Amino acid sequence: MPPIGRRGLALALLAGAALAAPAAPAAGAAPVKKLLVVGMDGLNWDSVAAANAPNLHDLAAQGLLGRSLVQCPSVADSSSGPGWSTIATGVWPDRHGVRNNTFVGKQYGTYPDFLTRLERADPAYATYSAVDWAPLHNQGTFSSAIDTRVTFDGDANGYPAEDERTTADAAARLAAGGPDASFVYLGNTDVVAHASGTGAAYQAAIEKQDQQLGRMLTAVRSRPTYGQEDWLIMVTTDHGHRVPQGGHGGCGIDERGTFVLAAGSGISAGSRPIDVRQVDVAASALAHFGVATTLDGKSVRVRSTDPFDGLTLRTRVDETGIPATLAGWTPTAPAGWSVIRSAMPAGGVTEWRGWSFTTDEFWSRAQSGQERENALRTRGVFAVADSDEFADKSGGTSFDSTLVSPAYPVTAGSTVRVNYVTHYRQEGSQKGDVLVSFDGGPDQLVKRYVADSRATVESLPVTVPAAAATMTVKFRYYDASNNWYWVVDDLRVG
Ligand SMILES: [Zn+2]
């Protein structure tokens, strides 16, 4: 391990450097930050839960498990190139540019992997990546700026053998001295699911990978300096598999399924937040080392403040393609918010009668393949006005509804920003108006949507009039009749 040894020595000689030498932190010194991210390809969490996988189960019990869904066409396939690129970079495929396993369009120069970002923040960090799906190194998903890149070739030599070599290499390096930040990839689970679906062979492959994860965790915990170190351990996957036949790439819920497991200081045992997404791995890794970022991801240690995420959700009423047991929508706004439905017709699909609040899974299952899956920057529960789904039952002939925020305190004469995440798809004469009202006065138009605005983060400046004390934000979706939809999430005024 020459590069890591060399860095460790250089670090030890830097008296007073921001980072203590891993081998000998002074008594009372801050713990040395350490990171291990293990990537397992094509892992359905439901299959993990059903397997004899004590190491994965223990991490989920001792730490955080966040389940969510990834993108699908037209944005990018639910496949490995896009998935690992999202995990590495902390941004969605519409930014990192990888749409499938050709890697054509990759934007790694603009959006490098988290180990490369760590090197740029401080080259003294010892970084390590080991993979046996070679494109992750050869395509630069994890770049040549990483101190030690170890590449095995599962496609040429078989993933069972190469996962073993990857594990052995990682465990040896993690046990002593070793890297500050590591990414280790294991691939056999995906190959098995492609070959034989998500049955017994897949379960056996998961159990084998769980043992390999266990060897890495044992190496970490047996370090002589472990007691002086602050480890963040994460396990994640790039995509799921169709159940039971296997395969992925499209818009099905199982193939889009992913998860982030995270254990470390400050993470509550057994927490199951709904606001964690695949982009959060890189952001969490960098936040652990105090590196500031402006990625799509946020640290898994930080919870969303979005009041929609606290709503109690219901099962389907008129929708037919959604499992009857899936609680995923409500017409009831959070405290302080309201929905105006007085201009809505009497009929239509109950779930979408005016603005309602829903999840990625519930809304995606309402109708697949119409870009509902690609509201990428939402988290947890979001608001949606969907004239297309509303019209699927007689009487859903027109749509005019307004979502009304609480009255936020503002400073007279200042400029405030209306920040939110949106996903707007245009058809016909439909419109989406963002309005503000000061102290209950008349509505003022801030923005009107009349063209697609997909997976967008908005920050609209608004001038507060003299003497105004509060501002209410309204989202009116109208002039719509079996057209498309508008999504709003995470409104913040400030
Ligand atoms: Zn695959």
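The values are calculated or read from the model by the stated rules, or taken from the named source; none is laboratory data. Just so we're clear, the structure is a prediction, and the values are computed from it rather than from any experiment. Using ideal geometry, Cβ is built from the backbone for each residue, glycine included, and neighbour counts are taken over all protein chains shown.
Points worth noting:
- Subset tally (residues that are under 22 Å from Ala200 (Cα atoms), of a type in the set (A, V, I, L, M, F, W, C) and within 15 Å of the ligand (Cβ to nearest atom)) for region 35-81: 2
- Filtering Val131, Val98 for residues that are within 21 Å of His194 (Cα to Cα), among the aliphatic types (A, V, I, L, M) and within 16 Å of the ligand (Cβ to nearest atom) leaves a single hit, Val131.
- In this entry, Leu56 passes the filter for residues that are at pLDDT 95 or above, within 21 Å of Thr189 (Cα to Cα), crowded, with 22+ Cβ neighbours inside 10 Å and not polar (S, T, N, Q).
- Any hit, region 263-278, residues being within 16 Å of the ligand (Cβ to nearest atom), on the phi < 0 side of the Ramachandran plot and not basic (Lys, Arg): yes
- All of Thr258, Thr305 fail the test of being among the hydroxyl-bearing types (Ser, Thr, Tyr), buried (at least 23 other Cβ atoms within 10 Å of the Cβ) and within 17 Å of the chain's Cα centre (by Cα), apart from Thr258.
- Hits in region 81-107 - residues which are of a type outside the set (A, V, I, L, M, F, W, C), outside any loop (DSSP other than H, G, I, E, B) and buried (at least 20 other Cβ atoms within 10 Å of the Cβ): Gly81, Pro82, Gly83, Ser85, Thr86, Thr89, Pro93, His96
- Only residues that are within 25 Å of the chain's Cα centre (by Cα) and either part of a strand (DSSP E or B) or acidic (Asp, Glu) (or both) were counted in region 210-249, giving 10.
- Pairs meeting the criteria (first residue in region 114-132 and in contact (Cβ under 8 Å) with a residue 12 or more places away in the chain, second residue of a type in the set (Lys, Arg), beta carbons under 7 Å, at least 6 apart or on different chains) are Ala124/Arg7; Ala126/Arg7; Tyr128/Arg173; Ser129/Arg149.
- Residue within region 378-390 that is farther than 30 Å from Asp280 by Cβ, buried (at least 16 other Cβ atoms within 10 Å of the Cβ) and hydrophobic (A, V, I, L, M, F, W, C) present: yes
- Filter result for the condition that a residue is more than 24 Å from the chain's Cα centre (by Cα), assigned to a helix (DSSP H, G or I) and within 16 Å of the ligand (Cβ to nearest atom), over Ala171, Ala205, Ala161, Ala193: Ala205
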